[in-house]
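Below: one structure, written as structure tokens.
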Amino acid sequence: MAELIYTPRITSSHLDSFTNRTVRLLGRVMQLRGDTAIVDSDGNVTLHLNRDAHLIVGNVFEVIGKINQDLSIRVLKSTNMGKDCKIKNSFPFLSLSLSIHIY
């Protein structure tokens, strides 16, 4: 049976409230270095990428990942939202909770 996991959608300012939890984060990729990335999500966030994450500098991505003690995020899944995605107006609505199924 599938396990239901609730993933709150957050910005950089909420990282410390969700340590060791799985979250969703929408942000624009600012920098890539090996298996890490810096994204702007109303502030910079460091991502530790998995092998399936193919981030592109300048594009907006939604990532699902677990927040580490150092407030970086270990990426479990990423979705490319494109270069033209406007996220500035999205931040007031990011407190909505969503759920995913892990099989």
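Quick note: the coordinates plus some simple rules give every number you see, no bench work behind them. Computed from a predicted model, the values in this text were never measured in an experiment. In this analysis, Cβ positions are derived from the backbone assuming ideal geometry, glycine residues included, and neighbour counts consider all displayed protein chains.
Okay, residues lined up against (1) without any contact (Cβ under 8 Å) to a residue 12 or more places away in the chain; (2) farther than 17 Å from VAL60 by Cβ:
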| position | (1), (2) |
| --- | --- |
| THR11 | no, no |
| ARG21 | no, yes |
| LEU25 | no, no |
| ARG28 | no, no |
| GLY34 | yes, yes |
| ASP42 | no, no |
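Could you please find all residues in the stretch 36-59 being farther than 16 Å from THR11 by Cβ and of a type in the set (Asp, Glu)?
Across the stretch 36-59, the qualifying residue is only ASP52.
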